[in-house]
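These notes are about the structure you will find just below.
The values are calculated or read from the model by the stated rules, or taken from the named source; none is laboratory data. Computed from a predicted structure; not experimentally measured. Neighbour counts are summed over all protein chains in view; Cβ atoms, including those assigned to glycine, are modelled from backbone coordinates with ideal geometry.
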Amino acid sequence: MRLPVLALAAGLTLQAHAQQPVVAEAPLRAHLSFLADDLFEGRGTGQRGGDLAVRYLETQAAVIGLKPLADGSYRQSVKIEGSKLLAGSFVRFDTPDGKSITPANATEIVFGTQGGKENVVIDAPLVFVGYGARAPEENNWDDYKGVDVKGKILVMMVNDPQPTADEPNRFAGKAYTYYGRWLYKYEEAVRQGAAGALLIHTTPSASYAWNVPATSFSHERFHLAGSGNPVEGWLQEDTARKLFAAGGFDLDALRAQAERRDFRPIDLKLKVHAELKSAIRQIEQFNVAGIIPGTDAKLKQEAVIYSAHWDHLGMDEGMRGAGHGDQIWNGAIDNASGAAALLAMAAEAVKHPAKRTQVFLWPAAEEQGLLGSAAYVGNPAWPLNKTTADLNLDSMNFVGKTRDIGVAGAERSSLYEAAGGVAKQMGLTLAPAIPDLSGAYFRADHFNFAKAGIPAFNVGSAVFSGDGYFDFTKDQAKSRERLVAFKKDYHQPSDEYHADWDLSGMVQQAQFTLNLGYAVANAPTMQSWKAGDAFGKVKR
């Protein structure tokens, strides 16, 4: 009787192995090279290249065999308002002694409108509001202190109030919180009724150089249709220092005051005169989503989501074919890589349904402030309280295989334990946790799911892993050097596909994400947040 038992066990092992989806490199590379091709013109929001990307993704979803949404389509509408600053726009600062300072656009200041008006003329006082944060859970930290800032232009610092000897863990210590993000600061200015908001840029506080906001504001900018700031932008640190001095203030002294709980907004004694002329348009973009129904009679009512945004920065329409050099922001790594990986993963997953439903989601307009994922959360294809997790892929590993995998943000929930189990099965270790000094957790689409109370994180991103701390299996020094070197290509036309890339690490990352998705999809219970986590409650 012993031989049949052993044979049965061997058969079950082989059956289980045969049912394990295996991500293939060839389709991943093909999708990546195609989506990053000049043909797609950088997959810009509101541009022809973006429309082509949506059409390609929905066609591939149908070919793969993903099921469409309830309305029979793979598309989910995202209503967006676009704004492009026109020539002749300026922001002037009038000083108490009757002089004027007009910073040069693009080099000293960048600005635009999200208020939906083609012509904006504003005269308003300039008020320093420190970090511009209102955080009830941080012992009621409030940089506004009840001061009425309606109709005023606010200037504020990026990042969070820093830890002190008395409060070493305030605002997550030296890590970044959502209150430090530019997006939060603009949102809070709107809630306060301000006429606008200007952020003081430093590379350490923003975690990226001036070229990033400069590039963003040189393109058409977007937000979900609705209210926004009439004026918003960034100031170079030297520009801010000059403006503060013109009003009789020392920037560094006010920065020091802003670290204190008793800080109150400060009128900088400067008047802002802004004239903005903008091309405004209302457009419809689309998330792309496909579904693999679950097999368990009860658990199939719940779902795990895999996400990766399809968009990048597009191209300057006025320079199409005009001999201006490379004006296409191809976004090969950011994020044709993630979009391609999801297609390769879905092609295998559809052959092997899990107990829970699996949703493959390609959000739109991530580069414009996570707009597509915000729209999805506002009108989900799957009930949020029946969504166990979101596993996001953004800017994937193009260097080579590693012995570890990054799971930053997973520690907030039971996903960390699940990730540890999957890593062990794959012969990997979890990359060491490091403080989130750049706010990476708040910079990708998974964050909108987290804000809605769904356990979520960005899986294994090597590009934003500090200085490339991953343990590569080949030529560690050279591999890390290549990874760190990508920083100069980030949000630049030079983020292009290269045929000599070693995609073994990207395949490994995609396989880990898919394996983790199966572990979550087949688990007896839904994933949960760790006790006390700020996002630990489903909001809808």
Review point. If you go through the stretch 373-386 one residue at a time, do you hit one that is aromatic (Phe, Trp, Tyr) and either touching a residue at least 24 places away in the same chain (Cβ under 8 Å) or closer than 30 Å to Leu85 by Cβ (or both)?
Key: yes
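Tally time: how many residues in the stretch 220-229 are part of a loop (DSSP other than H, G, I, E, B) and in contact with a Ser or Thr (Cβ under 6 Å, 6 or more places away or on another chain)?
Applying the first criterion (part of a loop (DSSP other than H, G, I, E, B)) to the stretch 220-229 yields 220, 225-229.
Now restrict to residues that are in contact with a Ser or Thr (Cβ under 6 Å, 6 or more places away or on another chain): none.
Of the residues in the stretch 220-229, 0 are part of a loop (DSSP other than H, G, I, E, B) and in contact with a Ser or Thr (Cβ under 6 Å, 6 or more places away or on another chain).
Condition check ((1) buried (at least 22 other Cβ atoms within 10 Å of the Cβ); (2) at pLDDT 95 or above; (3) in the same structural domain as Ser438 (by TED's automatic domain parsing); (4) out of contact with any Phe, Trp or Tyr (no Cβ under 7 Å at 6 or more places or on another chain)) across all residues:
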position: Lys150; (1), (2), (3), (4): no, yes, no, yes
position: Val155; (1), (2), (3), (4): yes, yes, no, no
position: Gln162; (1), (2), (3), (4): no, no, no, yes
position: Asn169; (1), (2), (3), (4): no, no, no, yes
position: Ala172; (1), (2), (3), (4): no, no, no, yes
position: Thr177; (1), (2), (3), (4): yes, no, no, no
position: Arg181; (1), (2), (3), (4): no, no, no, no
position: Tyr184; (1), (2), (3), (4): no, no, no, no
position: Ala194; (1), (2), (3), (4): yes, yes, no, yes
Exercise for review: Look through the stretch 414-431, keep the residues that are in a helix (DSSP H, G or I) and touching a residue at least 24 places away in the same chain (Cβ under 8 Å), and return whichever of them is nearest to Asp533 (Cα to Cα).
Suggested key: Leu415
Study note, to complete from the structure: In the set Val272, Val288, the lone residue that is farther than 26 Å from Gly112 by Cα, touching a strand residue (DSSP E or B) at 6+ places or on another chain (Cβ under 9 Å) and buried (at least 16 other Cβ atoms within 10 Å of the Cβ) is Val288
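So which strands (runs of 3 or more DSSP E) stay within the stretch 230-315 end to end and still have 2 or more residues that are modelled with pLDDT of 95 or more, under 30 Å from Ala341 (Cβ atoms) and of a type in the set (A, V, I, L, M, F, W, C)? Break it down into steps so the answer makes sense when it comes.
Values: elements: 231-236, 266-292, 303-307.
Strands (runs of 3 or more DSSP E) meeting the threshold: 266-292, 303-307.
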Study note, to complete from the structure: Of those in the stretch 180-219 that are in a helix (DSSP H, G or I), under 23 Å from Ile280 (Cα atoms) and small (Gly, Ala, Ser), the residue nearest to the chain's Cα centre (by Cα) is Ser216
Review point. Using beta carbons and a limit of 7 Å, which pairs, at least six apart or on different chains, have the first residue in the stretch 155-172 and on the phi > 0 side of the Ramachandran plot and the second one of a type in the set (D, E, K, R) and part of a loop (DSSP other than H, G, I, E, B)?
Key: Phe171/Glu138; Phe171/Asp160
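Quick grid of which residues meet (1) of a type in the set (Val, Ile, Thr); (2) in a helix (DSSP H, G or I); (3) modelled with pLDDT of 85 or more; (4) surrounded by fewer than 22 Cβ atoms within 10 Å (Cβ to Cβ):
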| site | (1), (2), (3), (4) |
| --- | --- |
| Ala444 | no, no, yes, no |
| Phe447 | no, yes, yes, no |
| Ala450 | no, yes, yes, no |
| Ser465 | no, no, no, yes |
| Lys474 | no, no, yes, yes |
| Ala477 | no, yes, yes, yes |
Point to revise | Number of positions in the stretch 232-250 that are in contact with a helix residue (DSSP H, G or I) (Cβ under 8 Å, 6 or more places away or on another chain) and buried (at least 18 other Cβ atoms within 10 Å of the Cβ) | key: 6
Exercise for review: Filter the stretch 355-369 down to residues that are under 19 Å from the mean Cα position of the chain (by Cα), over 20 Å from Thr59 (Cβ atoms) and not charged (D, E, K, R) and give me whichever is surrounded by the fewest Cβ atoms within 10 Å (Cβ to Cβ).
Suggested key: Gly369
Revision key, fill the gap. Exactly one of Lys478, Lys451 is of a type in the set (Lys, Arg), in contact with a Phe, Trp or Tyr (Cβ under 9 Å, 6 or more places away or on another chain) and either in the same structural domain as Trp210 (by TED's automatic domain parsing) or touching a residue at least 40 places away in the same chain (Cβ under 8 Å) (or both), and that residue is Lys451
Exercise for review: Scan the stretch 484-540 for residues that are surrounded by 19 or more Cβ atoms within 10 Å (Cβ to Cβ) and of a type in the set (Val, Ile, Thr) and jot them down.
Suggested key: Val507, Thr513, Val520
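Of all residues being touching a residue at least 40 places away in the same chain (Cβ under 8 Å) and either over 30 Å from Asp160 (Cβ atoms) or of a type in the set (Asp, Glu) (or both) in the stretch 253-269, which is surrounded by the fewest Cβ atoms within 10 Å (Cβ to Cβ)? Just the residue, please.
The first filter runs over the stretch 253-269 and keeps only residues touching a residue at least 40 places away in the same chain (Cβ under 8 Å), leaving 254-255, 257-259, 261, 263-269.
Checking which are either over 30 Å from Asp160 (Cβ atoms) or of a type in the set (Asp, Glu) (or both) leaves us with 259, 267.
On the way: Glu259: 15, Asp267: 13.
Across the stretch 253-269, the extreme among qualifying residues is Asp267.
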Review point. Out of all the residues in the stretch 493-515, is one or more over 25 Å from Ser216 (Cα atoms), touching a residue at least 60 places away in the same chain (Cβ under 8 Å) and in contact with a His (Cβ under 9 Å, 6 or more places away or on another chain)?
Key: no
Review point. Of all the residues that make up the stretch 384-419, how many are over 23 Å from Gly453 (Cβ atoms), over 21 Å from the mean Cα position of the chain (by Cα) and of a type outside the set (D, E, K, R)?
Key: 3
**Study point:** Residue within the stretch 508-524 that is more than 13 Å from Gly460 (Cα to Cα), assigned to a loop (DSSP other than H, G, I, E, B) and touching a strand residue (DSSP E or B) at 6+ places or on another chain (Cβ under 9 Å) present
**Key:** yes
Practice item. Could you list, in sequence order, all residues of the stretch 333-353 that are of a type in the set (Asp, Glu) and surrounded by fewer than 24 Cβ atoms within 10 Å (Cβ to Cβ)? Key: Glu348
Point to revise | Residue match in the stretch 47-58 (condition: assigned by TED's automatic domain parsing to the domain that holds Met426, surrounded by fewer than 22 Cβ atoms within 10 Å (Cβ to Cβ), of a type in the set (Val, Ile, Thr) and over 11 Å from Trp310 (Cβ atoms)) | key: no
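Somewhere in the stretch 455-465, is a residue in contact with a His (Cβ under 9 Å, 6 or more places away or on another chain) and of a type in the set (S, T, N, Q)?
Residues of the stretch 455-465 that are in contact with a His (Cβ under 9 Å, 6 or more places away or on another chain), as a first pass: 456-459.
Those still in the list that are of a type in the set (S, T, N, Q) too: 458.
Yes.
Is one or more of the residues making up the stretch 123-130 more than 26 Å from Asp316 (Cα to Cα), in contact with a Pro (Cβ under 6 Å, 6 or more places away or on another chain) and modelled with pLDDT of 95 or more? Before you say what the answer is, go through the steps one by one.
As a first pass, look at the stretch 123-130 and keep what is more than 26 Å from Asp316 (Cα to Cα): 123-130.
From what is left, the residues that are in contact with a Pro (Cβ under 6 Å, 6 or more places away or on another chain) are 127, 129.
Still in the running and modelled with pLDDT of 95 or more: 127, 129.
Yes - at least one qualifying residue is present in the stretch 123-130.
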**Study point:** Residue in the stretch 209-231 that is within 16 Å of Phe93 (Cβ to Cβ), crowded, with 16+ Cβ neighbours inside 10 Å and not aromatic (Phe, Trp, Tyr) present
**Key:** yes
